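Q: Before we start, here is the structure in question, set down as structure tokens.
The values are calculated or read from the model by the stated rules, or taken from the named source; none is laboratory data. Please read these numbers as outputs of a predicted model, since none were measured by experiment. Note that each Cβ is placed from the backbone with ideal geometry, even for glycine, and that neighbours are counted across all protein chains shown. Just so you know, the surface numbers come from the protein's heavy atoms only, side chains and all, with ligands and any DNA or RNA stripped out. Shrake-Rupley method; radii C 1.70, N 1.55, O 1.52, S 1.80 Å.
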Amino acid sequence: MRVKPIAEITMNSLSGHVQQVRAGPHEWRADEPVAQGGDGSAPAPYELLLSALGACTAITLQMYARRKQWELGEIHLEMKFFMHEGEERIERVLRFGAALDDGQRARLLEIAGKTPVTRTVHAGTPIETRLA
């Protein structure tokens, strides 16, 4: 039985470090900052990683809140990736537009730690690479 992927992209190199990314009908680009030899024309790979983690977090929290019939208001995330002397760390700060009680806030923080992309990052998912 062949397992179907849950996500799939294709990517082609353009000029310099710029990459054209496609996922279904969607297209975007990735690049490196000028300090890393790119021209800074698009988000860098770690910024894209943070955006995937942030989007999954916000979407999962919205879905959970809908089931609980909680009003969250606007969800605002600030995400930072730190790398220093071989140590890596992601900082994720959540803010909600609606007033929430301590129990709701604690539960949302717990759920944020269990989102699918969070679990993938924590698990250190194996990557299989091969040449075509």
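Q: Sorted by average packing, counted as other Cβ atoms within 10 angstrom per residue and highest first, what order do 75-82, 125-132, 9-16 take? The partial results should precede the final answer.
A: Numbers: 75-82: 13.5, 125-132: 4.4, 9-16: 10.2.
Descending packing order for the listed peptides: 75-82, 9-16, 125-132.
Q: Rounded to the nearest 500, what is the chain's calculated 222 nm mean residue ellipticity when only DSSP H runs of at least 4 contribute -39500 (n - 2.57) each, over all residues? Please report the intermediate quantities before stating the final value.
A: On the way: 3 runs with 43 residues, N = 132.
Rounded to the nearest 500, the figure is -10500 deg cm²/dmol.
Q: Using the C-alpha atoms of the range 5-68, what convex hull volume per residue, in cubic angstrom, is computed?
A: Working: hull volume 6.6 nm³, N = 64.
Given the Cα convex hull of the range 5-68, per-residue volume reads 103 Å³.
Q: Take the Cβ-Cβ distance between Lys80 and Val3 as r, set R0 to 41 Å, and report the resulting FRET efficiency rounded to the nearest 0.05. Kindly include the intermediate steps, with their values, before the conclusion.
A: Values: r = 34 Å, r/R0 = 0.83.
The value I calculate is 0.75.
Q: Okay, next question. Between Met63 and Asp39, 0.36 nm times their residue separation minus their Cα-Cα distance comes to what?
A: Length gained between Met63 and Asp39: 4.9 nm.
Q: Identify which of Leu109, Leu50, Leu61 has the largest mean-square fluctuation in a Gaussian network model of the chain, with springs joining Cα atoms closer than 10 Å.
A: Greatest mean-square fluctuation among the candidates belongs to Leu109.
Q: Toward the positive end of the charge dipole of the range 1-127, about the Cα centre and with charges on Cβ (Lys, Arg +1; Asp, Glu -1), which of Gln69, Val117, Gln20 goes farthest?
A: The listed residue farthest towards the positive side: Gln69.
Q: Counting Lys and Arg as +1 and Asp and Glu as -1, each charge on the Cβ, what is the dipole of the range 1-73 about the Cα centre in debye, to the nearest 20? Walk me through the numbers before you get to the answer.
A: Details: 7 positive and 7 negative charges, 120 e Å.
With Lys and Arg at +1 and Asp and Glu at -1, about 580 debye.
Q: May I pose another question? At 1.4 Å probe size, put Asp102, Asp39 in order of accessible surface, largest to smallest. Don't jump to the answer; show the numbers that get you there.
A: Working: Asp102 130, Asp39 90 Å².
Per-residue accessible area, sorted high to low, gives Asp102, Asp39.
Q: By average Cβ neighbour count within 10 Å, what is the ranking of 26-32, 84-90 from highest down? It would help to have the intermediate numbers written out before the result.
A: Details: 26-32: 15.0, 84-90: 8.0.
In descending order of packing, they fall as 26-32, 84-90.
Q: Consider all pairwise Cα distances in the range 42-83 and report the whole-number % of them above 11 Å. Walk me through the numbers on the way to the answer.
A: Values: 580 of 861 pairs.
The share of Cα pairs beyond 11 Å in the range 42-83 comes to 67 percent.
Q: Which chymotrypsin sites (Phe, Trp or Tyr not before Pro) does the range 30-70 hold that lie in a coil by DSSP with at most 12 other beta carbons within 10 Å? Mind dumping the intermediate values first?
A: On the way: sites: Tyr46, Tyr64, Trp70; in loops: Trp70.
Filter output for the range 30-70: empty list.
Q: Additional query: Using only the alpha carbon atoms of the range 59-110, find the Kirkwood hydrodynamic radius as the inverse mean reciprocal pair distance, in angstroms to one decimal. Provide the component values of the computation, followed by the final result.
A: Working: mean 1/r = 0.0801 Å⁻¹.
Radius from the Kirkwood sum: 12.5 Å.
Q: Which stretch or stretches of the range 102-123 have amide N atoms under 17 Å from the point lying 7 Å from Glu88's Cα along the Cα→Cβ direction?
A: 117-123
Q: Counting heavy atoms of the protein chains only and a 1.4 Å probe, report the per residue accessible area for the chain as a whole number of Å².
A: Working: 10260 Å² over 132 residues.
So the chain comes to 78 Å² accessible per residue, rounded to a whole number.
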